[in-house]
Amino acid sequence: MDKWQRAAPPSPPNPLCYPSPRMSRTNLLDLLPDELEALAESLGAPRYRGRQLAGWIHAKGVTDLASMSDLPRDFRQALSERAEIALPALERATPSQDGSEKLVLRLTDGGRIQSVLMPDEDRLTLCLSTQVGCGYGCTFCFTGTMGLGRDLTAGEIVGQVAAARARLAPGARITHIVYMGMGEPLANYAATAKSLRILTDPRAFGFSPRRITVSTVGLVAGIERLAREGFRVNLAISLHATTNEVRDRLMPVNRGVKLEALLAACKRFPLPTRQRMTFEYVLLDGVNDSPDDARRLVKLLRGMRAKVNLIPFNEWEGAGFRRPPLARILGFQAIVLEHGITATVRWSKGEDIGAACGQLKEPVRSRASRGQLDERVAC
Ligand code: SF4
């Protein structure tokens, strides 16, 4: 057991956090502190009751209204009739030999998503999902075979942080957040943006934007909107190829937005000071791993504050790709490093539990399937 893990097994789900038949009630996790204040006011209470509520829910992680001892009983009663704290229910937590832990979470409509806790020295990173499944169909990605179930709400995104935090030992805390789980965050822009606001609001979760990374397949409109709306988070671009021809084959999204347009948007993105943009590059044997690819990659990133994460392909049954031999992986890295660009080989965490990039697999109950469990794949 790692020092960040709670010794006790997962506690039984709080009835308030479980799928509720009263689906029309507001999920308080969906609300910013200002909106909690407005809600308190609409219930006839002073606005500061909303701030107290934010303190309980976001800062202290309390999900039971009855435990919020400094809130008047009649306010809590009125609140429970209008709202709930609908945390995704922890269905399963699977530890990996490398210390990471995959959490399978069930949503109120029965849909399942996955989050992964990844300890690394003094960091504890949580990888979040933003959609049930993913509609982008990248050919090397297990999730790509799944299709899109639905978008998550902002409350379901931040709910993953709350659910993961409940697993931690006293004193342990999540230090970094990456939007790299199931789904394409910028394809669910409104909920992703709102979840970023909730997570970075000092009156709510209070994460520094510098400790949050949003990963995208390269949706230029979304990247530009993030910049325009002033989000100073880190950006990770799933690049995976150095020519349009190869990228078209690997990532159907490239048929609409070419590499040149994507990189131009990246160059315009206002990165936080001293931060570099991350370019994710999955290495596929004989497809995108040649020395020429490495040199083209260097050329594409010239003039940018960039770093490269090289991800040796995590093989899955039925995939039409293989992981390159170690020598080719290290040779690729060496060429990029020689040109002054930081390049790290990411041996994915959680490979033994199917939690590595592109590997998560979970049966998901879709809205349409009504009671049947579809075997679906998640990333
Ligand atoms: S790599 Fe990302 S965008 Fe592509 S299919 Fe997988 S989850 Fe979707």
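The values are calculated or read from the model by the stated rules, or taken from the named source; none is laboratory data. This one's a predicted model, so the numbers in the text were calculated from it and none came from an experiment. Glycine gets a Cβ as well: all are built from the backbone with ideal geometry, and neighbour counts include every protein chain shown. Heads up: the accessible areas ignore ligands, DNA and RNA and are worked out on the full protein's heavy atoms, side chains in. Shrake-Rupley method; radii C 1.70, N 1.55, O 1.52, S 1.80 Å.
At a glance:
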| item | result |
| --- | --- |
| Max mean-square fluctuation residue, GNM over the chain, Cα-Cα springs under 10 Å, options Pro88, Pro272, Pro72 | Pro72 |
| Accessible solvent surface per residue of the chain, calculated while the other protein chains remain in place, 1.4 angstrom probe, Å² | 43 Å² |
| Volume per residue of the C-alpha convex hull in the chain, rounded to whole Å³ | 141 Å³ |
| Whole-percent carbon and sulfur share, accessible surface of the chain, 1.4 Å | 50 percent |
| Max mean-square fluctuation residue, GNM over the chain, Cα-Cα springs under 10 Å, options Gln333, Gln77, Gln275 | Gln77 |
| Gaussian network model of the chain, springs between alpha carbon atoms under 10 Å - residue of Gly155, Gly135, Gly331 with greatest fluctuation | Gly331 |
| Global geometry of region 192-311, whether rounded, prolate or oblate, following the gyration tensor of its Cα atoms and the 1.5 cut on a/c | prolate |
| Mean Cβ neighbour count within 10 Å, used as a protection proxy, ranking 200-212, 49-61 highest first | 49-61, 200-212 |
| Subset of Lys102/Lys194; Lys102/Lys258; Lys194/Lys307; Lys102/Lys307; Lys60/Lys102 violating a 32 Å alpha-carbon distance limit | Lys102/Lys258 |
| Mean Kyte hydropathy of -0.5 or more with a Cα span along the axis of at least 15 Å, helices from DSSP in the chain | 154-165, 189-200, 291-301, 326-338 |
| Gyration tensor verdict on region 65-145 (Cα atoms; rounded if a/c is under 1.5, prolate if a/b is larger than b/c, oblate otherwise) | oblate |
| Heavy-atom SASA rank of Glu315, Glu224 (probe 1.4 Å, accessible area, largest first) | Glu315, Glu224 |
| Region 133-181: relative contact order in percent, alpha carbon pairs under 8 Å with at least 6 residues between | 22 percent |
